[in-house]
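Since the structure comes first, as structure tokens, the remarks are kept for the end.
The values are calculated or read from the model by the stated rules, or taken from the named source; none is laboratory data. Please read these numbers as outputs of a predicted model, since none were measured by experiment. Cβ sites come from the backbone with ideal geometry, for glycine too, and all protein chains shown count toward neighbours. Accessible surface areas use protein heavy atoms only, side chains included; no ligands, DNA or RNA. Shrake-Rupley method; radii C 1.70, N 1.55, O 1.52, S 1.80 Å.
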Amino acid sequence: MASHGARSRSGGRPTLEEVAARAGVGRGTVSRVINGSPRVSDATRAAVEAAVAELGYVPNTAARALAANRTNAIALVVPEPETRFFAEPYFSDMLKGVGAEISETEMQLLLIFAGSDRERRRLAQYLAAHRVDGVLLVSVHADDPLPDLLSQLEIPAVISGPRSAAETLPSVDSDNYGGGRSAVEHLLAGGRRTIAHITGRLDVYGAQRRVDGYRDALRDAGHEVDERLIEPGDFTEEGGRRAMTNLLARRPDLDAVFAGSDVMAAGARQVLREEGRGIPSDVALIGYDDSAIARHMDPPLTSVRQPIEEMGRHMIDLLLSEIADRRPAVSRGLERRQVVLATELVERASS
């Protein structure tokens with residue numbers, strides 16, 4: 001009978017590593033015992049089972065289901081240039097969440113960039129050979145052919161944000177509409193009336209939803225939406241600079257800016273400073289993501305926090321479920337599984 005007095009050293013749920021340490025074996029050996037592998041001696045099996053009972057360890061059922069897979073590998077595919085991946089905190093936070101969740105399994109994580117046509121062709125050949133059991137797609141654009149390719153190959157996949165409201169693949173996203181709305185409502189409550197928006201790339205559904213939130217917040221407060229105050233960006237710092245320059249040329253009387261990412265907000269801030277605009281005395285500024293950039297900016301940047309690491313963990317959970325069934329949700333005819341996590345406005349000195 002399992003002992004209920006034993007606890008993890010960390011005080012939380014016992015881990016695979018703690019079971020291994022208690023049994024005096026490696027992590028992989030514990031996994032083999034839990035998954036019923038015959039490649040374990042009777043004495044080792046008994047030691048592991050005793051450690052499991054003493055610690056009250058409960059295996060992750062999805063992880064157990066992975067034992068029969070052909071490759072024990074998951075690909076995290078980023079259809080962007082490597083330079084963007086390493087420049088934007090969004091990607092590192094997503095990778096951190098994915099890595100933390102997958103560490104509890106025996107799966108290997110492969111990071112694959114597919115920002116160029118050549119890289120995409122190579123990736124298509126790699127996927128067609130079924131060298132991975134599932135794919136996580138991050139930063140997917142509306143016209144990206146990769147999700148449809150994965151469906152055709154019947155490779156389980158989860159994407160970080162749907163391509164549209166009619167998405168057919170499982171997805172995990174934050175409430176982009178609510179995030180955009182909360183940013184504008186905060187600016188209106190502070191007395192700002194000429195509020196500009198620097199959007200992300202509008203072939204990304206999440207960026208479209210932030211614009212929708214911006215528009216609806218203005219309309220619901222009785223303000224007309226001035227299209228001259230909306231400028232497309234591309235989630236880069238240079239894109240933020242360019243957009244801010246264009247906005248000031250069209251509407252020099254603007255008194256607030258909601259940028260679709262902290263990185264673009266940093267670019268906008270540079271231009272505002274160069275033009276002699278005080279933040280927030282002349283122009284209030286809000287970003288999106290609540291990254292380290294927001295906390296270290298001068299003045300510290302008000303930003304919409306999206307739980308990026310948690311999104312990464314949810315993506316792995318969804319994908320493990322898809323892999324355990326061995327067939328994508330679309331081929332099973334099941335309802336789409338789309339997870340939407342709440343956002344939160346973090347107020348700082350810039351607004």
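Kindly evaluate residue 150 against the criterion of being part of a loop (DSSP other than H, G, I, E, B) and at pLDDT below 95. No; evaluated as a whole, the condition is false for this residue. Checking each residue in the stretch 240-271 for being among the β-branched types (Val, Ile, Thr) and open to solvent by 10 Å² or more (accessible area, probe 1.4 Å) picks out 245, 263. Against the criterion of being without any contact (Cβ under 8 Å) to a residue 40 or more places away in the chain, among the basic types (Lys, Arg), out of contact with any Phe, Trp or Tyr (no Cβ under 9 Å at 6 or more places or on another chain) and assigned to a helix (DSSP H, G or I), residue 118 qualifies. Summed over the stretch 272-323, the residues that are outside the structural domain of residue 211 (by the TED database), among the small types (Gly, Ala, Ser) and surrounded by fewer than 19 Cβ atoms within 10 Å (Cβ to Cβ) give a count of 1.
Among the conditions (1) in contact (Cβ under 8 Å) with a residue 60 or more places away in the chain; (2) open to solvent by 30 Å² or more (accessible area, probe 1.4 Å), the only one that residue 79 does not satisfy is (2). Under 17 Å from the mean Cα position of the chain (by Cα) and more than 30 Å from residue 350 (Cβ to Cβ): does that describe residue 147? Yes: the conditions hold for residue 147.
Residue by residue, here is whether (1) among the polar types (S, T, N, Q); (2) open to solvent by less than 20 Å² (accessible area, probe 1.4 Å); (3) modelled with pLDDT of 90 or more; (4) not assigned by the TED database to the domain that holds residue 284 holds:
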{"position": "116", "(1), (2), (3), (4)": "yes, no, no, yes"}
{"position": "125", "(1), (2), (3), (4)": "yes, no, no, yes"}
{"position": "131", "(1), (2), (3), (4)": "no, no, no, yes"}
{"position": "143", "(1), (2), (3), (4)": "no, no, no, yes"}
{"position": "186", "(1), (2), (3), (4)": "no, no, yes, no"}
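Inspect the stretch 82-93 for any residue being modelled with pLDDT under 90 and aliphatic (A, V, I, L, M) and give the result as yes or no. Within the stretch 82-93, one or more residues are modelled with pLDDT under 90 and aliphatic (A, V, I, L, M).
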